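Undergrad: Have a look at this one before I ask anything.
Bear in mind that the values in this text are calculations on the coordinates, not laboratory data. Quick caveat, the model's predicted, so the values are computed rather than measured. Here the Cβ positions follow ideal geometry from the backbone for every residue, glycine too, while neighbour counts run over all protein chains shown.
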Amino acid sequence: MNDLNIDNVEIIDCTDLVGPGDDGHLVAVHAAGQIGWYGPVSVAAATALDGSLAASAIGTDVTDHSGLLSALHGASAKLGDAVTSWAVGALDCAIWDLHARIEQRPVAALLSTTARSHVPAYASWLTLDVQLADAETIRRIASQDWQFTKWSLRRSRGLPVADDAKRMAGVVHQVAEATGSPAAFDALWTWDPALALRFSEQVDHAKIIWLEEPLASYDGTGYSDIATACPYPALALGERLHLGDDSKELLVLPNLGALTIDVVGCGGLTVAAELVAEAAAASVPVYPHGRSLLPAVHLAAAFPEAIAAVEYQLQWEPHRQLLFTDPLECEGGQVVVPSAPGLGPTPRRR
């Protein structure tokens, strides 16, 4: 067997190191006396990996990322399924980590010879109820030199469309008044086209950077209708792109302001790098979703012209970093790209 062929894939349970409800499993890939890691992943993704998906990687060359992805595609019975896509993406990222550790270089250096050392970040706090929060809390978060901030703009099912649109336009105004600058807002898949139209009529467009994921599903017709009826504010879409999905329908939308792919959720770094290239060709900036921050940082370091900033999730990321002995550093709205081999951080449990 080639020394660079993968000889084992295992799932490490670290749920005792994180809080209740937090993802707590790591993927470990072995080859050439080294171990590549990725995590945390959910129980569902770990379970999906612990079978034919993991077995399909055994015996393949750790440096052949396209070939490995094809093998994982072949072993994936549910292409387009979120859990399967996450499982494949986690394994793909662990293999990139292993490849880079074998070569004693950061993953960013494998992706590009001119990778930057710091990556701009924007902060999100989607669990904060902005209407109930005091202005000082919002101001304090926004004053930490982030590129910008992002807040929840979830629909209230108890209100008529017109009233809810007015309420949410007020939330945008409240944030802008507290921070003194425009912000992004995440609708968390709770809207419909009618609400989006009424909101566009109510909101001060100068105070909103983008509206993220308003519709409950990727309905090309629905998003085209929104783009035609209310071209502002710009949309941010892409978090729910999964393995096997075609990004072209999103990239041609006239009001797409950001492609917010999840680097693991879309199928891993191999797929994400292709999506970044497609977005760049369409002149759409990429802002990787924060759930997969570590590989997103390396991807952003490698492609600074295409990736404007990564998302730092204030409410969740500190919990994820508890799994590592050397967590990511974030200074003045910039994430430090790890200079250690691989993705960088070392798991507390091996």
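Undergrad: I want to check the label-to-label distance for R167 and R105. Put each point 7 Å from Cα in the C-beta direction and report it in nm to one decimal.
TA: With each label point 7 Å from Cα toward Cβ, the separation is 5.3 nm.
Undergrad: Could you put W189, W146 in order, starting from the residue whose Cβ has the fewest other Cβ atoms within 10 Å?
TA: Least to most surrounded, the residues fall as W189, W146.
Undergrad: Suppose we keep just the DSSP beta bridges with both residues in the chain; what percent of those would be antiparallel, to 5?
TA: Looking only at bridges with both residues in the chain, the antiparallel portion is about 45 percent.
Undergrad: Over 32 Å apart: what share of the alpha carbon pairs of the stretch 110-336 falls there, rounded to a whole percent?
TA: Percentage above 32 Å: 16.
Undergrad: If you don't mind, there's one more thing I want to ask. Taking the beta-carbon count within 10 Å as an exposure proxy, list Y122, Y312 from fewest neighbours to most.
TA: Lowest to highest Cβ neighbour count: Y122, Y312.
Undergrad: Measure nothing but the geometry: give the 0 to 90° angle between the long axis through the Cα atoms of 293-302 and the longest principal axis through the Cα atoms of the chain, rounded to 10°.
TA: 90 degrees
Undergrad: Could I ask something else about it? Can you tell me how much longer the chain between D64 and T114 gets when fully stretched, taken as 0.36 nm per residue apart minus their C-alpha distance, in nm with one decimal?
TA: Here the answer is 15.8 nm.
Undergrad: ³J(HN,Hα) across the stretch 32-49 via Karplus (A = 6.51, B = -1.76, C = 1.60, θ = phi - 60°), whole Hz, x for Gly/Pro?
TA: 6, x, 10, 10, x, 10, 8, x, x, 10, 6, 4, 4, 5, 4, 5, 5, 6
Undergrad: Neighbouring Cβ atoms within 10 Å as the yardstick, rank S42, S181 fewest first.
TA: Least to most surrounded, the residues fall as S181, S42.
Undergrad: Once Rh for the stretch 8-104 is found with the Kirkwood sum over Cα pairs, what is the Stokes-Einstein diffusion coefficient at 4 °C and 1.567 mPa s, in µm²/s?
TA: Translational D for this selection: 97 µm²/s.
Undergrad: Need the C-alpha centroid separation for the stretch 55-134 versus the stretch 193-265, integer Å.
TA: Centre-to-centre distance over Cα atoms comes out at 24 Å.
Undergrad: Sticking with this structure for a sec: Give me the angle, in degrees from 0 to 90, between the Cα long axis of helix 220-229 and the longest principal axis of the Cα atoms of the chain, rounded to the nearest 10.
TA: Value to nearest ten degrees: 30.
Undergrad: Over the stretch 110-336, calculate the relative contact order: mean separation of alpha carbon pairs under 8 Å at least 6 apart, over the residue count, as a percent.
TA: Averaging sequence separation for qualifying contacts and normalising by length gives 23 percent for the stretch 110-336.
Undergrad: Moving on. So what is the 222 nm mean residue ellipticity for the chain from helices alone, if each DSSP H run of at least 4 adds -39500 (n - 2.57) and you divide by all residues, rounding to the nearest 500 deg cm²/dmol?
TA: -10500 deg cm²/dmol
Undergrad: To continue, here is another question. Stretch S217-A133 to full length: gain in nm at 0.36 nm per residue minus the Cα-Cα span?
TA: Between S217 and A133, full extension yields 27.3 nm more.
Undergrad: Which far-off residues, 5 or more places away or on another chain, put their amide H under 5 Å from the one on A183, with H placed in the peptide plane?
TA: For A183, whose amide H was placed from the backbone, the distant partners under 5 Å are I208, I209.
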